[in-house]
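In what follows, a structure is listed as structure tokens, so that the remarks can point back to it.
The values are calculated or read from the model by the stated rules, or taken from the named source; none is laboratory data. What you see is a predicted model, and the numbers here were worked out from it, not measured in a lab. No Cβ is skipped: glycine too gets one built from the backbone with ideal geometry, and neighbour counts run over all protein chains shown. Each accessible area value is taken on the protein alone, full model and side chains, heavy atoms only, with ligands, DNA and RNA left out. Shrake-Rupley method; radii C 1.70, N 1.55, O 1.52, S 1.80 Å.
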Amino acid sequence: RALGMFINTLPLRIGAGRVGARAAVKAVHASLSGLLIHEHAPLALAQRCSGLAPGQPLFSALINYRHSTALPNPDEILPGVRVLWSEERTNYPLTLTVDDLGVGFELTVQAAAGIGAARVGGYLHAALDSLAQALEQAPEDEVARLPWIPAAELATLLQEWNATGLAYPREQGVHELFEAQAARTPDAIAVSDERGQLSYGELEFQANQLARHLRRTGVRPEQRVAICVERSFDQVIGLLGILKAGCAYVPLDPAYQSERLAYMLADCQPAAVVHQARTRSAVAVSPVPLIDMSADAWRGESGERLEQEEAPGQRAHHLAYVIYTSGSTGQPKGVMVEHQGVCNLAVAEARHFMVAPGCKVLQFASFSFDTSVSETMMALTSGACLHLAPHHPKPLGEALARLIGRHGITHMTIQPAVLATLPQCDDLSSLRVLIVAGEKVGRELVEQWSGPLRLMNAYGPTEATVCSTVYLCGGDSDMDPPIGHAIPNKRIYLLDDYGQPVPVGVVGEIH
């Protein structure tokens with residue numbers, strides 16, 4: 001014989017909000033007390049009064065508090081009666097039953113398949129423990145910020161999955177990594193373009209000359225030096241020379257509108273501006289010294305390395321560059337990046353993307369985008385050759401494929417939109433690693449390009465030094481590729497709206 005339900009259900013809305021633990025508990029108690037006058041009202045009435053569309057559930061979690069006694073041995077319920085089977089079931093995704101036994105409590109959790117009732121029970125236990133401690137020790141702590149993930153899972157989220165530590169030269173400037181490479185392979189080709197090439201030794205010599213000239217003009221360590229130079233040998237010499245002078249470089253695209261350039265110059269307040277004769281008009285508004293890379297004055301300086309008087313490790317915490325993003329206020333926003341982040345980036349990317357002597361990395365991104373930092377530094381600190389793509393017109397499609405084939409490019413970083421224009425042809429036979437970044441890459445492109453190539457999906461905000469995560473794409477998935485795992489010495493956290501970690505499988509915001 002079947003019996004119907006002998007309980008009634010009362011809906012209660014609980015908002016965590018930014019309220020203290022004591023106030024939250026009192027508010028819930030007051031709401032429950034106010035509901036008692038409706039304890040015999042049918043649930044259908046509550047549904048009609050809710051304003052929800054027909055068929056939309058009024059709630060998705062149920063708590064059932066009942067005064068109970070400890071169950072006797074099933075064989076002792078009635079003489080001669082044997083219990084064959086008993087089971088509780090619910091129609092809700094989550095049900096918590098609290099049995100008040102008078103001397104203690106029993107908690108029973110029922111959860112939808114795939115969630116795990118034991119796992120939910122662990123969250124419940126941790127939440128109740130946190131709430132009890134807060135009520136006793138810190139009742140004003142916001143209830144939404146109380147920890148509720150069990151310690152073991154929290155350790156997995158925060159520590160085990162973020163165990164990315166890897167040794168890197170954390171007390172050096174990134175230009176010092178280049179200097180060490182130039183000392184090892186002075187005759188190897190460091191930079192090339194359609195017109196010629198520079199060896200590591202030649203690049204080191206000319207960058208030292210510029211560094212000394214900057215000092216002669218009055219530039220001092222830790223100042224900012226803007227550089228408004230088209231993609232060329234001068235651009236690479238310029239940024240290395242600025243770093244060698246102990247300064248941070250601020251890349252300015254000469255194609256930008258004069259108003260934008262004027263704003264950036266006023267905002268970063270550089271000690272000097274490095275330019276070319278053909279880009280002088282773009283930065284003529286600057287009241288600071290203008291250093292023309294096209295002139296011969298700086299080339300008369302010594303090519304010996306400029307010694308820095310610093311404590312060990314001090315350089316690592318100096319600015320390497322200030323790069324301007326579009327900003328969220330309508331004005332460009334300057335992002336400041338230290339040497340230690342760039343050094344880690346160079347070492348980590350060379351490892352992930354297998355950049356080594358003999359490789360040829362295409363410098364394709366605009367100098368004003370931080371992808372150019374990745375391209376330049378992972379090449380010049382690992383003994384590879386940095387090949388400069390023509391600045392104008394920018395090669396796309398078949399023109400880009402011909403450039404790759406003509407110069408034997410092995411590594412390239414491009415946006416998915418550019419990759420979509422690239423034909424699959426024999427010109428690409430030298431290409432080993434293709435890195436997509438800057439926007440979401442779709443499954444179709446992955447299926448097309450992840451065969452013989454090592455296709456890497458790279459992601460990271462400018463503020464976190466260009467790249468934070470990488471993923472090796474494969475063509476056997478029916479989903480768009482994820483952003484992957486953190487690169488060495490990076491940590492990734494998924495947090496809720498209150499800055500607290502979310503459990504495994506729950507959507508959160510990346511930090």
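Computed values, structure above
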read-out	value
Subset of segment 372-388 [under 10 Å from Val191 (Cβ atoms) and either out of contact with any His (no Cβ under 6 Å at 6 or more places or on another chain) or among the acidic types (Asp, Glu) (or both)]	Thr376, Ala379, Leu380, Cys385, Leu386, Leu388
Residues of segment 433-457 that turn out to be touching a strand residue (DSSP E or B) at 6+ places or on another chain (Cβ under 6 Å) and either among the β-branched types (Val, Ile, Thr) or touching a residue at least 60 places away in the same chain (Cβ under 8 Å) (or both), as a count	7
Matching residues, segment 35-65, being open to solvent by 70 Å² or more (accessible area, probe 1.4 Å) and either in a helix (DSSP H, G or I) or in contact with an Asp or Glu (Cβ under 6 Å, 6 or more places away or on another chain) (or both)	Leu36, Ile37, His38, Gln47, Arg48, Cys49
From the options Met378, Met354, residue that is under 19 Å from Pro488 (Cβ atoms) and in a loop (DSSP other than H, G, I, E, B)	Met354
Close pairs from segment 23-41: first closer than 20 Å to Leu146 by Cβ, partner open to solvent by less than 60 Å² (accessible area, probe 1.4 Å), Cβ under 6 Å, at least 6 apart	Ala24/Val143
Qualifying residues in segment 454-464 (those that are under 21 Å from Val441 (Cβ atoms) and not in a strand (DSSP E or B)) - the one most open to solvent (accessible area, probe 1.4 Å)	Pro461
Of all residues in segment 436-453 being within 17 Å of Gly405 (Cα to Cα) and not aromatic (Phe, Trp, Tyr), the one that is most open to solvent (accessible area, probe 1.4 Å)	Pro452
Residue count, segment 471-511 (criterion: open to solvent by less than 40 Å² (accessible area, probe 1.4 Å), within 27 Å of Met354 (Cα to Cα) and part of a strand (DSSP E or B))	1
Answer from Leu214, Leu210, Leu166 - the residue that is farther than 14 Å from Leu386 by Cβ, in contact (Cβ under 8 Å) with a residue 60 or more places away in the chain and open to solvent by 30 Å² or more (accessible area, probe 1.4 Å)	Leu166
Test set (1) in contact with a strand residue (DSSP E or B) (Cβ under 6 Å, 6 or more places away or on another chain); (2) open to solvent by less than 10 Å² (accessible area, probe 1.4 Å); (3) closer than 27 Å to Pro395 by Cβ - Leu198 fails condition number	(2)
Conditions (1) at pLDDT 95 or above; (2) closer than 21 Å to Leu319 by Cα; number of the one not met by Ser199	(2)
Options Met336, Met264, Met293; residue that is open to solvent by 20 Å² or more (accessible area, probe 1.4 Å), out of contact with any Lys or Arg (no Cβ under 6 Å at 6 or more places or on another chain) and in contact (Cβ under 8 Å) with a residue 24 or more places away in the chain	Met336
